[in-house]
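> Below you'll find the structure I mean.
The values are calculated or read from the model by the stated rules, or taken from the named source; none is laboratory data. The model shown is predicted, which means the values in this text are computed figures rather than measured ones. When we count neighbours, we look across all protein chains shown, and the Cβ atoms used for this are built from the backbone with ideal geometry, even at glycine.
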Amino acid sequence: MMENPFLPIVSFVKEILVAISFVYFVALVSYRLCLHPLSKYPGPKLAAVSCLYRAYHQTWRDGRLVEQLTHLHEVYGPVVRITPNTLHFRNPQAFHDIFSPQNKTVKDQEFYHHLGLPDSSFRLEGEEHAARLKLMSPLLGRNHMDDIQIIVRRNVQRFCDLLQSSAGNHKPIELALGYRGLALDIINEFIFAVIPDRLRGLENEKFRNPLSMSTYYSFDWTMWLMRNFPVTCHFHDFTSYLPPSLKFSYDQRNVMTELMTNLLHYNLSSPEMNDRATLIGNMTKPGSERNGKPLPESALLDEAIGVMHGGVLDISNVLPFGTFHLAQDPKAQQKLYEELKSVWKNPSDQIPDHEILRNLPYLKGLVKETLRFTHGVISGMPRVVTATGAQIDGNYIPPGTIVATTSVYVHMDPNVFTNPEQFSPERWATGDPQLERSLVPFSKGRRMCPAQNISYMEISAAFAAVFRRFEVSLYETTEEDMKYKAYASIHYTGRPLRATLKPRLD
């Protein structure tokens, strides 16, 4: 048989390609270790040459990167190189510097890509972001706060009525799921004018509405899988081929997208859509056009899902955490009850005005202390240094560098918070401005959460209503259940908060 004359050529080409790949790999590793602008910064060698170090602690160790980075800072110091182009900072001042308007950093789009929703305000930059925020701003201004308070009061009242019906049965209540449903309904009434009962988190006292549950199950280790291996962002289209460990999470994201799409379509076709001011209403009215054309449905859906997540994820962490700490401390719970009773004589009356609640010392301290312990976006939102460079915690950082830190280091700073690991609402009674400056669950600077006033209103009203109307006792929930992993926000590793409730008669 005659030998194929091209075989030697093919073999030679293969050898050349292997050699080139090897030389490229060696050159890249050498450059990143010795010649890269960040080569002078300490850190694990694997982290300096590859993103696999980050991927391992985020994905295979299931949300343990923040924990590992704290260890690295103990070993290497306040500034650590954690990927070839990323520096992580330990000192609290770095948080303020990274998000300072004086350091013109921009979003790390490679990080935001895994979150999807490319046409949502938290992904947009520059003029596009300003235009989108202009549509949202009227809903967040002082003139609209009375309307927001009506939404908050109505949903908190419904939540407590559902709790009341369950409390009469003397059975444990899934409080964590209830708080999630409450947060979902409040934010969705901000987004949409009409919400069918079947799409409400507070549909019934079981608090297991599919949309509400999908916001819980879809945020797990697969978020970090998509962050570190972008090809997996497309697994949503092939869930039938995925192993069970992946399929469930991706299916839940598809459920969430489908239900939010249904809710959007329901509103776009409803004659009631413009009965009151809402986000979708503002995005579809005259003057909201982009390049002379109405915003496409994809932009409406991206914005709706993005805002919905922003309104659910952190609130559904904050409320269970604060409730847990008060429920295990009867004296603290009684103290809050007495304070609430002084301004809310009859629990069957309407929830007091937010201006009253926000000035109650112990309630205000409870809200702020709970926010301090739950950290907001605990993983941190990485930023990219622009062409002018940046000064961060006394270090000049070259252009193009990704810089990151976590709010944990600000919230647990012993130089600001005495005994920072101790849950103490009383610490906020002094009004110390340094404490206020060091409370950053909504981030800082130009891109901080624009809806923090709504969050404070919602958290205050929920705590006030629950602890004014009920005596709360934990049910099979321990400190172990309140430990968490770090995804975008914290994710409790144990059983969701459950409690038994005893209605207060006076």
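> Taking the conditions exactly as written (modelled with pLDDT of 95 or more and of a type in the set (S, T, N, Q)), does Thr86 satisfy them or not?
Spelling it out, Thr86 is indeed modelled with pLDDT of 95 or more and of a type in the set (S, T, N, Q).
> Which of (1) under 28 Å from Val377 (Cβ atoms); (2) without any contact (Cβ under 8 Å) to a residue 60 or more places away in the chain is the odd one out, the single condition Ser316 does not satisfy?
(2)
> Going through Phe463, Phe423 one at a time, which residue ends up being within 30 Å of Leu505 (Cβ to Cβ), at pLDDT 95 or above and crowded, with 22+ Cβ neighbours inside 10 Å?
The unique qualifying residue is Phe463.
> While we're looking at this one, here's another question. With touching a Lys or Arg at 6+ places or on another chain (Cβ under 6 Å), of a type outside the set (A, V, I, L, M) and crowded, with 17+ Cβ neighbours inside 10 Å as the only criterion, which of His411, His354, His375 stands out?
When all the criteria are applied, what remains is His411.
> Out of the residues in segment 187-206 meeting the condition of being touching a Lys or Arg at 6+ places or on another chain (Cβ under 9 Å) and assigned to a helix (DSSP H, G or I), tell me which one is nearest to Asn274 (Cα to Cα).
Glu189
> While we're on this one: How many residues are over 13 Å from Phe190 (Cα atoms) and under 28 Å from the mean Cα position of the chain (by Cα) when one looks only at segment 265-289?
The number of residues fulfilling the criteria is 5.
> Would you please name the residue that is farthest from Thr406 (Cα to Cα), looking only at residues in segment 356-375 that are of a type outside the set (A, V, I, L, M, F, W, C) and assigned to a loop (DSSP other than H, G, I, E, B)?
Out of the qualifying residues, it is Asn359.
> Would you say Ser438 is modelled with pLDDT of 95 or more and under 24 Å from Met308 (Cβ atoms)?
no
> Continuing with the same structure: Taking the residues in segment 1-40 that are touching a helix residue (DSSP H, G or I) at 6+ places or on another chain (Cβ under 8 Å) and assigned to a helix (DSSP H, G or I) as candidates, determine which candidate is modelled with the highest pLDDT.
If we take residues in segment 1-40 being touching a helix residue (DSSP H, G or I) at 6+ places or on another chain (Cβ under 8 Å) and assigned to a helix (DSSP H, G or I), then Leu33 is modelled with the highest pLDDT.
> OK, next. Consider Gln102 carefully, then state whether it is among the polar types (S, T, N, Q) and over 23 Å from Thr388 (Cα atoms).
no
> In the list Gly77, Gly63, which residue meets the criterion of being on the phi > 0 side of the Ramachandran plot, outside the structural domain of Ser489 (by TED's automatic domain parsing), over 25 Å from the mean Cα position of the chain (by Cα) and of a type in the set (Gly, Ala, Ser)?
Answer to the check: Gly77.
> Could you list, ordered by first residue, the pairs with Cβ atoms under 8 Å in which the first is in segment 93-121 and in contact (Cβ under 8 Å) with a residue 12 or more places away in the chain and more than 19 Å from Thr406 (Cα to Cα) and the second is part of a loop (DSSP other than H, G, I, E, B) and among the basic types (Lys, Arg), at least 6 apart or interchain?
That search, which allows pairs on different chains as well, returns Leu117/Arg123.
> Only one of Asp108, Asp97 is closer than 20 Å to Ile392 by Cα, of a type in the set (Asp, Glu) and crowded, with 19+ Cβ neighbours inside 10 Å; which?
The conditions single out Asp97.
> Shifting gears a bit: Quick check on segment 166-189: of everything there that is in contact with a Pro (Cβ under 7 Å, 6 or more places away or on another chain) and over 22 Å from Met145 (Cα atoms), which residue is surrounded by the most Cβ atoms within 10 Å (Cβ to Cβ)?
Here the answer is Leu175.
> Of a type in the set (Ser, Thr, Tyr) and either surrounded by 14 or more Cβ atoms within 10 Å (Cβ to Cβ) or over 29 Å from Phe122 (Cβ atoms) (or both): which single residue out of Ser298, Ser342 fits that description?
Ser342
> Quick test of your reading of the structure: Thr86 fulfils all but one of (1) hydroxyl-bearing (Ser, Thr, Tyr); (2) surrounded by fewer than 17 Cβ atoms within 10 Å (Cβ to Cβ); (3) within 22 Å of Ala387 (Cβ to Cβ). Name the failing condition by number.
Answer for Thr86: the failing condition is (2).
> Output yes when any residue across segment 387-410 is touching a helix residue (DSSP H, G or I) at 6+ places or on another chain (Cβ under 8 Å) and under 25 Å from Gln328 (Cβ atoms), and no when none is.
Yes, because at least one residue in segment 387-410 is touching a helix residue (DSSP H, G or I) at 6+ places or on another chain (Cβ under 8 Å) and under 25 Å from Gln328 (Cβ atoms).
> Can you list the helices (runs of 4 or more DSSP H) lying wholly within segment 277-355 that have 2 or more residues being closer than 30 Å to Val466 by Cα and hydroxyl-bearing (Ser, Thr, Tyr)?
Once the helices (runs of 4 or more DSSP H) in segment 277-355 are filtered for at least 2 residues that are closer than 30 Å to Val466 by Cα and hydroxyl-bearing (Ser, Thr, Tyr), what remains is 315-327, 330-343.
> Can you report the number of residues in segment 218-232 which are surrounded by 15 or more Cβ atoms within 10 Å (Cβ to Cβ) and part of a helix (DSSP H, G or I)?
Residues flagged as surrounded by 15 or more Cβ atoms within 10 Å (Cβ to Cβ) and part of a helix (DSSP H, G or I) within segment 218-232 amount to 8.
> So, Tyr41, is that one surrounded by fewer than 22 Cβ atoms within 10 Å (Cβ to Cβ), over 24 Å from the mean Cα position of the chain (by Cα), of a type in the set (Phe, Trp, Tyr) and not assigned by TED's automatic domain parsing to the domain that holds Phe219 or not?
yes
> Something else: Gln58 fails exactly one of the following numbered conditions: (1) assigned to a helix (DSSP H, G or I); (2) of a type in the set (S, T, N, Q); (3) modelled with pLDDT under 95. What is the number of that condition?
Going through (1) assigned to a helix (DSSP H, G or I); (2) of a type in the set (S, T, N, Q); (3) modelled with pLDDT under 95 one by one, Gln58 breaks only (3).
> Can you find, within segment 378-406, the residue that is nearest to Ala48 (Cα to Cα) among those that are in contact with a strand residue (DSSP E or B) (Cβ under 9 Å, 6 or more places away or on another chain), hydroxyl-bearing (Ser, Thr, Tyr) and surrounded by fewer than 20 Cβ atoms within 10 Å (Cβ to Cβ)?
Tyr396
> What is the number of the single condition among (1) surrounded by fewer than 24 Cβ atoms within 10 Å (Cβ to Cβ); (2) assigned to a loop (DSSP other than H, G, I, E, B) that Leu163 does not meet?
Condition (2) is where Leu163 drops out.
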